[in-house]
């Protein structure tokens, strides 16, 4: 268990989501195990007694997420309500606790996977594994980033940005690093591939690369490659940067049950593979791609808030078609 805790502590730091010695992770083994000693465990240990959980993560997100989340909390009331479709589907909202106490946290965590404590950090839980808490923490950071910039775009378009908003926006923008790039195409294997082993190795390599370059988060996306009449696709819930052993071979004619553990996007990948000459498909959620997809110049749109399901307009950005939300 200690090795597993260290693994997710390292992933949080490597992904730039937490600072060194910042994350506090606890998990039930024969007894409750923490990654380090901290005064906050006095509060957090009570949650293990009051909730049906086996793992917990508490950390203040690294900048710019810390500033972004605090900004959103100031005007959010009792919860932050992200509008991107992925977060709305799996998390609904991020409740806010106005004090760091078991009595404030426990009731909120009974109905949600995470709680934000302004100025302190984010608490996430897992009912089965520490991985669940890690994914929830990633999701809070991702969705808050998208909500922040989407809101700024909307307010700018409507002329509602205040001096304080602009100051916060510029502060956050100054903390964002350079965009990722692929300067050397030779970094990635090139097809067409002719053997299953080569396909799987190339998929593992591509998954690791897009995550290490911070193009996508490891749990937000899926990857496939067609070899003959077989579509190799990442499994549901798998991490893009840890695909070894998590790739399913799915016949295009559906003659195998391998698809039972395949990505939930299998049907979409199969349709593309059957109807086009494309061999490789990478589906991800880069933050600014999602932000642009949510930007709308129709202030009085009658389906605002439901555009991720019902938008009737054909839109594009720099020649790339947009699927709203």
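Data for the structure
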read-out	value
Within the stretch 3-43, tally of residues that are assigned to a helix (DSSP H, G or I) and either under 24 Å from the mean Cα position of the chain (by Cα) or not assigned by TED's automatic domain parsing to the domain that holds residue 99 (or both)	12
When residues of the stretch 131-178 are limited to those that are touching a residue at least 12 places away in the same chain (Cβ under 8 Å) and outside any helix (DSSP H, G or I), the one surrounded by the most Cβ atoms within 10 Å (Cβ to Cβ)	176
The stretch 314-325 - residue that is over 30 Å from residue 230 (Cβ atoms) and touching a residue at least 12 places away in the same chain (Cβ under 8 Å) and, of those, surrounded by the fewest Cβ atoms within 10 Å (Cβ to Cβ)	317
Residue 267 closer than 24 Å to residue 288 by Cβ and at pLDDT 90 or above	no
For residue 53: the one exception among (1) touching a strand residue (DSSP E or B) at 6+ places or on another chain (Cβ under 8 Å); (2) surrounded by 17 or more Cβ atoms within 10 Å (Cβ to Cβ); (3) part of a helix (DSSP H, G or I)	(3)
Exclusive hit being at pLDDT below 95 and under 22 Å from residue 220 (Cα atoms), set 83, 63, 74	83
Any hit, the stretch 93-104, residues being at pLDDT below 95 and closer than 25 Å to residue 241 by Cβ	yes
Residue 115 under 20 Å from residue 11 (Cα atoms) and either assigned to a strand (DSSP E or B) or within 19 Å of the chain's Cα centre (by Cα) (or both)	no
Members of the stretch 94-112 found to be in a helix (DSSP H, G or I) and buried (at least 20 other Cβ atoms within 10 Å of the Cβ), listed by number	105, 109
Candidates 215, 166, filtered to the one that is closer than 29 Å to residue 65 by Cβ and modelled with pLDDT of 95 or more	166
Residue check, residue 118 free of Cβ contacts under 8 Å to residues at least 40 places away in the same chain, in contact with a helix residue (DSSP H, G or I) (Cβ under 7 Å, 6 or more places away or on another chain) and surrounded by fewer than 22 Cβ atoms within 10 Å (Cβ to Cβ)	no
Number of the exception - residue 35 against (1) touching a helix residue (DSSP H, G or I) at 6+ places or on another chain (Cβ under 8 Å); (2) surrounded by fewer than 16 Cβ atoms within 10 Å (Cβ to Cβ); (3) at pLDDT 95 or above	(2)
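The values are calculated or read from the model by the stated rules, or taken from the named source; none is laboratory data. Note that the structure is a prediction, hence the values are computed from the model and not measured. All Cβ positions, even for glycine, are placed from backbone atoms using ideal geometry, and neighbour counts span all protein chains on display.
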